[in-house]
1. Would you confirm, using the coordinates I've provided, whether Val98 is surrounded by fewer than 17 Cβ atoms within 10 Å (Cβ to Cβ) and of a type in the set (Val, Ile, Thr)?
2. Being modelled with pLDDT of 95 or more and at negative phi: is that true of Arg57 here?
3. Out of the stretch 128-141, which residues are under 19 Å from the mean Cα position of the chain (by Cα) and within 11 Å of Lys94 (Cβ to Cβ)?
4. Looking only at the stretch 115-131, decide whether some residue is in a strand (DSSP E or B) and surrounded by fewer than 18 Cβ atoms within 10 Å (Cβ to Cβ).
Amino acid sequence: MPKKTAKKRPAKKTPPKKKKKTKITKKIEGEAEIEKSLTKPIKFWEAIGRRKTAVARIRLFTRGDKEILVNEKPYQQYFTGVELWEIITSPLNKMKSVERFRVSARVKGGGVHAQAEAIRHGISRALTKFNPDFRKKLKKSGFLTRDPRMRERKKFGLKRARRAPQWAKR
């Protein structure tokens with residue numbers, strides 16, 4: 001009877017550890033001088049916003065150009081229509097901080113309206129992380145409430161979620 005051998009699994013690869021950015025330059029005397037990198041880590045506040053099947057990852061930056069980017073495009077270019085622009089900027093307008101932040105949004109899933117509302121939800125959450133005092137005003141406006149309404153699933157025996165096949169008398 002042949003022996004059973006255990007299958008060998010490949011070892012899990014661990015990502016390499018990132019090293020700190022430092023430059024070493026030698027002077028003529030032979031002393032080593034360490035220069036720290038001039039780029040400081042960029043500070044931001046991150047939050048997730050959701051609506052139906054749309055999910056938006058929002059980052060608020062205090063440095064840089066004060067603009068709103070959606071999937072690395074200006075929000076006026078990504079969304080057509082003033083109504084959607086107003087939905088996105090409403091939490092910033094409510095807190096009077098439009099010119100205070102650079103907003104970067106990565107959004108996927110859903111339709112354009114759901115994506116705009118997911119961005120609004122995410123910006124509101126990020127603003128409360130930035131300043132907890134904003135929470136009361138944003139909550140009163142309804143920007144922090146996750147809208148739970150989702151599309152109902154299709155059931156077997158039906159054409160859609162509730163639509164039954166046409167009934168024939170004879």
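The values are calculated or read from the model by the stated rules, or taken from the named source; none is laboratory data. Fair warning: this is a prediction, and the values are worked out from it, not measured in the lab. Counting neighbours? That spans all protein chains shown, and the Cβs are built from the backbone with ideal geometry, glycine included.
1. On the way: surrounded by fewer than 17 Cβ atoms within 10 Å (Cβ to Cβ): yes; of a type in the set (Val, Ile, Thr): yes.
So Val98 fits the description; yes.
2. Working: modelled with pLDDT of 95 or more: yes; at negative phi: yes.
The answer is yes for Arg57.
3. Matches in the stretch 128-141: Leu138 only.
4. no
Conditions tested, residue by residue: (1) at pLDDT 95 or above; (2) among the basic types (Lys, Arg); (3) more than 13 Å from Arg50 (Cα to Cα).
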residue: Val107; (1), (2), (3): yes, no, no
residue: Ala118; (1), (2), (3): yes, no, no
residue: Asn131; (1), (2), (3): no, no, yes
residue: Arg151; (1), (2), (3): no, yes, yes
residue: Lys159; (1), (2), (3): yes, yes, yes
residue: Trp167; (1), (2), (3): no, no, yes
